[in-house]
Amino acid sequence: METKTVQQRLEILSDAAKYDVSCASSGSNRKNNTKGIGNGVACGICHSFTEDGRCVSLFKILMTNHCIYDCAYCANRRSNDRQRATLTVEEIIDLTIGFYRRNYIEGLFLSSGVIKSPDFTMERMVQVAKKLRIEENYHGYIHLKAIPGASHELVHEAGLWADRMSVNLEIPTEPNLKLLAPEKNYPAIFSPMTQIRNEILASKEEVKIFRNARRFAPAGQSTQMIIGATPETDRQIILLSSGLYKTQNLKRVYFSGYLPVNEYDKRLPALTRPPLVRENRLYQSDWLMRFYHYKAEEILTDDQPFLDLDVDPKLGYALRNMQLFPVDINRDDYEMILRIPGVGVQSAQRIIMARRHRKLNSEHLSKLGIVMKRAKYFLTCNELPASITDWTPERLKHKLITGAISKNKKSLDTQLSLFGNYQPVLPPIH
Amino acid sequence: MTIITYDGTFAGFLTAVFECYNRKVFPMDICSLMGEQKHLFAQKAHFQTDETKADRVWKGIQNKLSGKNNQLVFYAFLSEEHGIEMKIYRFLRRLFSEHFNIETDFGDLDVLYLTQTSRKVKQEAMRMLQFVRFQHTKDGLYFCGIEPRYDVIPLVVSQFQKRFADQRWLLYDLKRNYGMLYDKDKAQEVVISNKEFSSITGQVNENVLQEGEEFYQQLWKSYFTHINIKERKNLKLQRQHLPRRFWKYLPEMKG
């Protein structure tokens, strides 16, 4: 077998790692108090952006793309005829430190295909993290993937060296996982996840008592699901992720729009383009749950299996619950102001702060950065009241969509439109 | 109808504020000597920078602003926007006269403007943390030449000092022609007269580069192209996060 250069192997393995969505380098403020290299910044730093618009924050790499599993959704499955490569522990360390010193990256994201056994793979990954911390005196960010099926001891050790851990769920329901990845099962995925959760909680308690206690994965844990490879509904996905936030204390649930990597496999749907709009809407719902105090049940009601691709879920909620609006900017509480479409978390906080000093009118609001084009139908301020009662949800939706089409549609829409050039015979009502 | 001039430094500006209170004048404009506008009939006054006076004003500001926001005025000043001095002056007059803290009164145009400009400056400082790229030179120095829109290099030095505590580095502002040099102990300001780097792209001359440097840049470039998912191409989104003006400093965006 011919030997590949580091560069060739780096290319193969970064190609293989690109489907991992997680890129966050936030949540850890590990200090560099031994005059070593690196530190954590709680807000995270993105160092570059690739052509797909995704950030490059961490040096995201697989240790190896050899794999003993044969999961239908994965580009690195055993039965695929792909170039395979492995980076040694030392090579990964050298690359990480070399990139870090030049300020290319914020840290290391290490994942791997499974070679020999989960334990064998996990052990080598832990070794990378441990050597970085001890031998290189490195205090930057490390994100380690926990390999399902790895032993408790190894997961425990990984958490001590890493900042964030993650276990990928990949498929949102167990029967479908069984269908696409017969060698995997939910218990093997949830057991490390639960262990990590418990250890994070225990370590937090310990730190309260002993200030210098060793922290276990200080930036928490995350997971990832593939969207569009299996027929799950958005409602199922949102309920699942909200459940994960509650029961597993996850920091993030990532969604990855399914890319047809293994087109020959008939168990998978035939897609021409990844479902980017759907992925975007799911992320928007995720934000609503994490930052806007929405409950999963509010985003999608029982009779709605899928999110509306035309309007974002927040506007969708507002249109379904017109009785809650208009919200009075100068009186109503923070929670309600957050629910106005066009008002973000920062704007809402600024409104709360600013209204202590004076009554706000629409001019103030647009200067504060609120999207009045959308928000004006849902709020009243220190002016004549908005005439919301004149609008039925359907008409308002139509108006808001047609207004936004030119701006957003191009970058997000990935489907060819059937009636793209359709001109209505009658003039529109508004 | 007085126009007050100062020497362009922050301390000079604070001295000017002090003197306005001291002499009970409400100036028509406060401007730096460099950008002074010629007014035909206006009275002019120039105040010499006085550190103790500036310090008194600064302490006064610190007492009034909340801890989280205590650099607001300084950051806004750094933006060097035209006419920022009068906006800060009006803000300070209100700040000193009111009994409660007015920094969150975003209905006031001056407060809002200062908040937004200081945010812009902070964002530019963040971009330094993001887009600085060090080149390893033969004498072991990690060098980066960059051209921030505002004078933010001093703001990020402490962060770089914490992060790269065990390497010597130099952050050089190509536009303002000065840099911060860190020698594993403390950072200090330096001006380079004999430049061995391009003063446009900050690219170090090839004969001064460390041997492995080219190799790492090459690796980084190929990593960057291979981590991209072609099916999701979205150049607009890329440009939104990674402004064009930084591309010439980034090895991954070159050729």
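The values are calculated or read from the model by the stated rules, or taken from the named source; none is laboratory data. Source: prediction; values computed, not measured. Cβ placement follows ideal geometry from the backbone for every residue including glycine, while neighbour counts extend to all protein chains displayed.
So here's what we get for this one:
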| item | result |
| --- | --- |
| Pair list, Cβ < 7 Å and 6+ apart or interchain, from region B:87-111 residues that are within 8 Å of another protein chain (Cβ to nearest Cβ) to residues that are assigned to a helix (DSSP H, G or I) and among the charged types (D, E, K, R) | B:102/B:94; B:106/A:350 |
| Residue among A:138, A:186 that alone is touching a strand residue (DSSP E or B) at 6+ places or on another chain (Cβ under 8 Å) and aromatic (Phe, Trp, Tyr) | A:138 |
| Test: residue in region B:175-193 that is of a type in the set (A, V, I, L, M), within 19 Å of residue B:246 (Cβ to Cβ) and in a loop (DSSP other than H, G, I, E, B) | no |
| Any hit, region A:254-262, residues being in the same structural domain as residue A:54 (by TED's automatic domain parsing) and without any contact (Cβ under 8 Å) to a residue 24 or more places away in the chain | yes |
| Count - residues of region A:43-56 that are within 17 Å of residue B:164 (Cα to Cα) and either in contact with a Pro (Cβ under 7 Å, 6 or more places away or on another chain) or more than 8 Å from chain B (Cβ to nearest Cβ) (or both) | 1 |
| Members of region B:143-167 found to be closer than 16 Å to residue A:137 by Cα and in a loop (DSSP other than H, G, I, E, B), listed by number | B:165, B:166, B:167 |
| Residues that are surrounded by fewer than 21 Cβ atoms within 10 Å (Cβ to Cβ) and assigned to a helix (DSSP H, G or I), drawn from region A:78-98 | A:89, A:90, A:91, A:93, A:94, A:97, A:98 |
| Given (1) within 8 Å of another protein chain (Cβ to nearest Cβ); (2) under 15 Å from the mean Cα position of the chain (by Cα); (3) surrounded by fewer than 22 Cβ atoms within 10 Å (Cβ to Cβ), number of the condition residue A:27 does not satisfy | (1) |
| Residue B:86 vs. criteria more than 21 Å from residue B:14 (Cα to Cα) and either assigned to a helix (DSSP H, G or I) or in the same structural domain as residue B:12 (by TED's automatic domain parsing) (or both) | no |
| Pairs where the first residue, in region A:141-165, is over 14 Å from residue A:112 (Cβ atoms) and the second is part of a helix (DSSP H, G or I) and of a type in the set (Lys, Arg), C-beta under 6 Å, 6+ apart | A:161/A:130; A:161/A:133 |
| Hits in region B:214-245 - residues which are buried (at least 16 other Cβ atoms within 10 Å of the Cβ) and among the aliphatic types (A, V, I, L, M) | B:219, B:227, B:229, B:237, B:242 |
| Residue list for region B:213-255, restricted to those being in a helix (DSSP H, G or I), within 7 Å of another protein chain (Cβ to nearest Cβ) and over 26 Å from residue B:145 (Cβ atoms) | B:226, B:231, B:232, B:235, B:236, B:237 |
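So that you can scan it fast, the table gives a plain yes or no per residue for (1) of a type in the set (D, E, K, R); (2) within 21 Å of residue B:151 (Cβ to Cβ); (3) surrounded by 16 or more Cβ atoms within 10 Å (Cβ to Cβ); (4) modelled with pLDDT of 90 or more:
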| site | (1), (2), (3), (4) |
| --- | --- |
| B:3 | no, no, yes, no |
| B:22 | no, no, no, yes |
| B:36 | yes, yes, no, no |
| B:46 | no, no, no, no |
| B:51 | yes, yes, no, yes |
| B:57 | no, yes, yes, yes |
| B:72 | no, yes, yes, yes |
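Per-residue answers, yes or no, for (1) away from chain B (no Cβ under 13 Å); (2) in contact with a strand residue (DSSP E or B) (Cβ under 9 Å, 6 or more places away or on another chain); (3) closer than 13 Å to residue A:237 by Cβ:
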{"residue": "A:268", "(1), (2), (3)": "yes, no, no"}
{"residue": "A:275", "(1), (2), (3)": "no, yes, yes"}
{"residue": "A:283", "(1), (2), (3)": "yes, yes, yes"}
{"residue": "A:289", "(1), (2), (3)": "yes, no, yes"}
{"residue": "A:293", "(1), (2), (3)": "yes, no, no"}
{"residue": "A:297", "(1), (2), (3)": "yes, no, no"}
{"residue": "A:300", "(1), (2), (3)": "yes, no, yes"}
{"residue": "A:306", "(1), (2), (3)": "yes, no, yes"}
